[in-house]
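Have a look at the structure below before the remarks.
Bear in mind that the values in this text are calculations on the coordinates, not laboratory data. Computed from a predicted model, the values in this text were never measured in an experiment. No Cβ is skipped: glycine too gets one built from the backbone with ideal geometry, and neighbour counts run over all protein chains shown.
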Amino acid sequence: MKDKPGFLARKVAADILGNVVHKRRPLDGELDANSGHSGFRELAANDKGLVRAILGACLRHRGELNELLDRLLDRRIPEKTGRVTDILHVAMAQMLYLDIPDRAAVSLAVDHASVDRRAVPYKGLVNGVLRRLGREREDVTGDLDGNRLNTPGWLLDSWTAAYGEDVALAIAGAHQNEAALDLTVKDDPAGWAERLGGVVVGAGSVRLHRKGAVDALEGFAQGNWWVQDAAASMPARLLGDLSGKRAADLCAAPGGKTAQLAAAGAKVTAVDISQSRLKRVTENLARLGLEAEVIASDLREWEPSAPFDAILLDAPCSATGTIRRHPDVPWIKQAYDVGVLSEVQSVLLRRVAGWLQPGGTLVYCTCSMERAEGEDQIASFLTDQPGFELVPVLPEEVGGLEAVVTPEGYLRTLPCHAATIDGVETGLDGFFAARIRRL
Ligand SMILES: C[S@@+](CC[C@H](N)C(=O)[O-])C[C@H]1O[C@@H](n2cnc3c(N)ncnc32)[C@H](O)[C@@H]1O
């Protein structure tokens, strides 16, 4: 069975899906080239691509797949591990969302069930359900409400409370598609857009609608640009002219914002708790020909030797703004995580704000769409810290996108923002940023 073409890729896909949705392990970790799932690491490059595509479809459409199983089964499958459901999801995702013939998807799922100790009693059921899906596809899938089904209730409720129901559903809709590849360039965005066949979006990012290895693109080896979502590039831009200033990039790894601050001429100190993630900061800076002092330390203990003119705090968060790029986030995070992380954000913000020079500027940001990790943090900080004032963000600082600046003057991007530019589907990661000055 192991040698049957395509079998191992499906088996690895079901295994990784189980690790993500039942054990809440991040997908990036499972797919890591050095420390990821051992079966995945041994696959040929084209099978790795297939596994990524299957997992992307399984996670983006997880709610629809569960609903379809409810419709196709008379009773729920009484297995504890979830393995049968994972095998079914992997096959259904191929049949419904990838260009793979039904018969290949069904037969490989049945093969997998036949060799799995926990799934073998359900081998006949797997075959029956998948064949029925093939026959009745139009009828059973016709009225699926993907936007609602594919978003866990706590997230849809949180976005509805924050932005209203229409926007919450538009956010959920944007998550059905993978995000484009965005680059931050050292200079000349229009020139790089033309050279690479992309468009300029947001506040001067270059967007490419292509797949494939980024290191093969012009300008990568020469260090002319780095990969960074258009919204993720906005917070560092809010620090304005940094030439010759002392700037701290706090929670810096993997270093997209460190590179922005260094490219803007700042003398940068980059701090992060994770030694392994900081390796990527050092590698990226070397490729880009940029410099920063890189420090591995816990910000709850570290102290700078002198105050800073500018501080960027990209605090650890639930990352619900990055679901387009990380479709596992809705299935590995819970409302509880937002509560725990917002405590950490509150502690870090109060501590690092004290490291600003009088008159210095701090930008606080998170890649979260939860108000508890954004607007609520700043409102409570400004209430109990009278020595600081909000400096509102202006639309012209972020590419003229009025929709991403709130009436209070916060930056608040959402995946449904900037949805179409020049007839091209775009969208932004969900980000929050606020700019504060020390009085
Ligand atoms: C959102 S990521 C930062 C992304 C980064 N700023 C960029 O643009 O590439 C958050 C980072 O916070 C770091 N972190 C979490 N808790 C920390 C702490 N107590 N002290 C320092 N860094 C911490 C994590 O290791 C993680 O790299």
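Based on DSSP H segments of at least four residues, each scored -39500 (n - 2.57), the chain has a per-residue ellipticity at 222 nm of -13000 deg cm²/dmol.
Compared with the dominant principal axis of the Cα atoms in the chain, helix 102-115 is inclined by about 80°.
Computed from Cα atoms, the angle from the helix 275-288 axis to the main principal axis of the chain rounds to 70 degrees.
With each label modelled as a point 7 angstrom along the Cα→C-beta vector, the V344-A190 pair spans 4.3 nm. Each listed q (0.11 Å⁻¹) maps to a log10 I(q)/I(0) for region 181-438, found by the Debye formula over equal Cα scatterers with no solvent: -0.56. Here the Debye sum runs over all C-alpha atoms of region 84-184 as equal scatterers in vacuum, and log10 of I(q)/I(0) at q = 0.22 Å⁻¹ comes out as -1.05. Scalar couplings 3J(HN,Hα) for region 427-439, obtained by applying the Karplus form with A = 6.51, B = -1.76, C = 1.60 to θ = phi - 60°, are x, 9, 5, x, 9, 10, 8, 9, 10, 10, 10, 7, 6 Hz; x denotes Gly and Pro. Taking the square roots of 5 times each eigenvalue of the Cα gyration tensor of region 7-144, largest first, gives ellipsoid semi-axes of 23, 16, 14 Å. In plain terms, the C-alpha convex hull of region 11-67 casts an average shadow of 3.7 nm² when viewed from every direction. Charging the Cβ of each Asp and Glu at -1 and of each Lys and Arg at +1, and nothing else, the dipole of the chain about its Cα centre rounds to 1480 debye. Region 3-50 and region 275-318 have Cα centres spaced 31 Å apart.
On C-alpha positions alone, give me the angle between the axis of helix 375-384 and the longest principal axis of the chain, in degrees, nearest 10. Roughly 30 degrees, rounded to the nearest 10.
Taken over the C-alpha atoms, region 234-346 has Rg and Dmax values of 14.9, 44 angstrom. Of the peptides 256-265, 157-166, the order by per-residue mean of other Cβ atoms within 10 Å, starting with the highest, comes out as 256-265, 157-166. Residue by residue, region 49-54 carries 3J(HN,Hα) couplings of x, 5, 4, 4, 5, 5 Hz when phi is fed to the Karplus relation 6.51 cos²θ - 1.76 cosθ + 1.60 (θ = phi - 60°); x denotes Gly or Pro.
Average 1/r across all pairs of distinct alpha carbons in the chain, invert it, and you get the Kirkwood radius: 23.3 Å. Taking the DSSP beta bridges in the chain as the whole, what percent of them are antiparallel, to the nearest 5? Looking only at bridges with both residues in the chain, the antiparallel portion is about 55 percent. So which of K2/K123; K4/K211; K23/K333 end up more than 19 Å apart by C-alpha? Listed pairs above 19 Å: K4/K211.
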